[in-house]
Amino acid sequence: MTILVAGAAGNIGAELTKSLLADGHPVRALSRSGRGVPAGVDVVAGDLNDRASLAPAFAGVEAAYLMAGYPDMPGVLADLRAAGARRVVLLSTGAVVGGDLDNYVVRFNVVSEAAVRDSGLSWTVLRPSGFMSNALQWIPQLRAGNVVTEPFADVPIATIDPLDIAAVAALALTGDGHDRRSYRLTGPAAILPADRIRILGAVLDRDLRLVPESDGHARRRMTAEMPADIADAFFQFFRRGGYDDAIVDDTATRLLGRPPRTFTDWARDHAAAFQ
Ligand SMILES: NC(=O)c1ccc[n+]([C@@H]2O[C@H](COP(=O)([O-])OP(=O)(O)OC[C@H]3O[C@@H](n4cnc5c(N)ncnc54)[C@H](OP(=O)(O)O)[C@@H]3O)[C@@H](O)[C@H]2O)c1
């Protein structure tokens, strides 16, 4: 039973690949470049933006982990099913819960969730909170000094370790009882960016400090760095009340049989990335 992992070099995909391999499952990694995919896994090239390119990756696959937001999700899922797959696990976002369909990020996730539900495959949707691994974006600033400038610094988030999302994905891909389920997944506590930088500083034994980025500066910077629709989505989430990502949910604890990992756990495991 081969399991396909899309984004196998990514935050969730890499953890999922390692976990499935460790449990003895045959894994195939879908990647455009192959760079950063964990060792010991069969890598097949394919682009989720290009349905026709996926045939080699889908051949002989029993189950697949996919990310949301690609343009022809119904077509991709039809091809996956036609290739013989029975099960799909989709990475969506908690922002879909009560989310505004005018928000670009909400919309692309809602559309992908609907495609999965209509695919005829057994499906599980994962709706995580913000990832602890977003702190990796601080690396350039922390190579330059001890100060991190962060937007939305007053917004608490129940951030989750990608390892926990991957652990739930592994359960849904290989276990029973997860068909037609949407799981809201959060970390153990809502914490502010300043809490995260304090914890990271303690783990790295450095005197780190967070400086809030003004909304005006954040708007200009984000509009330069990403499509305007995505920058707008974050302002709708965190400045116009579109997404309360601070609510702690116990679904991860229930599924994993243990509490979700703390930011301290994540920071200890990833300290080397900041050195
Ligand atoms: N960050 C958050 O707080 C957060 C919260 C909720 C949901 N999400 C969702 O999480 C997803 C990202 O997950 P992640 O952080 O695990 O991923 P990631 O670290 O951003 O990596 C994604 C991987 O997907 C592969 N990829 C990108 N485009 C592809 C394409 N067109 N076809 C095939 N593979 C492609 C890339 O590998 P190759 O270049 O090798 O192909 C990349 O390694 C996004 O959909 C985001 O909306 C994020």
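Quick notes on this structure:
- The residue that is surrounded by the most Cβ atoms within 10 Å (Cβ to Cβ), counting only those in the range 15-43 that are within 12 Å of the ligand (Cβ to nearest atom) and in contact (Cβ under 8 Å) with a residue 40 or more places away in the chain, is 16.
- The residues of the range 223-267 that are in a helix (DSSP H, G or I), among the aliphatic types (A, V, I, L, M), over 17 Å from residue 126 (Cβ atoms) and under 20 Å from the mean Cα position of the chain (by Cα), listed by number, are 230, 231, 233, 267.
- Restricting 108, 131 to residues that are touching a residue at least 24 places away in the same chain (Cβ under 8 Å), touching a Pro at 6+ places or on another chain (Cβ under 8 Å) and not hydroxyl-bearing (Ser, Thr, Tyr) narrows the list to 131.
- Residues (of a type outside the set (Gly, Ala, Ser), farther than 30 Å from residue 82 by Cα and surrounded by 20 or more Cβ atoms within 10 Å (Cβ to Cβ)) located in the range 94-113: 103
- Residues that are within 16 Å of the ligand (Cβ to nearest atom), in contact (Cβ under 8 Å) with a residue 12 or more places away in the chain and in contact with a Phe, Trp or Tyr (Cβ under 9 Å, 6 or more places away or on another chain) within the range 78-99 comprise 79, 80, 88, 89, 90, 91, 93, 94, 95, 97, 99, listed in sequence order.
- When 163, 210 are checked against the criterion of being under 16 Å from residue 134 (Cβ atoms), at pLDDT 95 or above and assigned to a strand (DSSP E or B), a single residue qualifies: 210.
- Conditions (1) hydrophobic (A, V, I, L, M, F, W, C); (2) touching a Lys or Arg at 6+ places or on another chain (Cβ under 6 Å); (3) modelled with pLDDT under 95; number of the one not met by residue 39: (2)
- Residues that are within 14 Å of the ligand (Cβ to nearest atom) and buried (at least 21 other Cβ atoms within 10 Å of the Cβ), drawn from the range 60-71: 64, 65, 66, 68
- Any hit, the range 74-83, residues being of a type outside the set (A, V, I, L, M, F, W, C) and outside any helix (DSSP H, G or I): no
- Residues located in the range 114-136, provided they are buried (at least 18 other Cβ atoms within 10 Å of the Cβ) and away from the ligand (no atom under 12 Å from the Cβ): 115, 116, 119, 121, 123, 124
- Filter pass, residue 98 being out of contact with any helix residue (DSSP H, G or I) (no Cβ under 9 Å at 6 or more places or on another chain) and small (Gly, Ala, Ser): yes
- Single residue of 56, 140, 74 found to be within 28 Å of residue 265 (Cα to Cα), out of contact with any Lys or Arg (no Cβ under 6 Å at 6 or more places or on another chain) and either away from the ligand (no atom under 11 Å from the Cβ) or not small (Gly, Ala, Ser) (or both): 140
The values are calculated or read from the model by the stated rules, or taken from the named source; none is laboratory data. Model, not experiment: these values are computed from the prediction. Cβ sites come from the backbone with ideal geometry, for glycine too, and all protein chains shown count toward neighbours.
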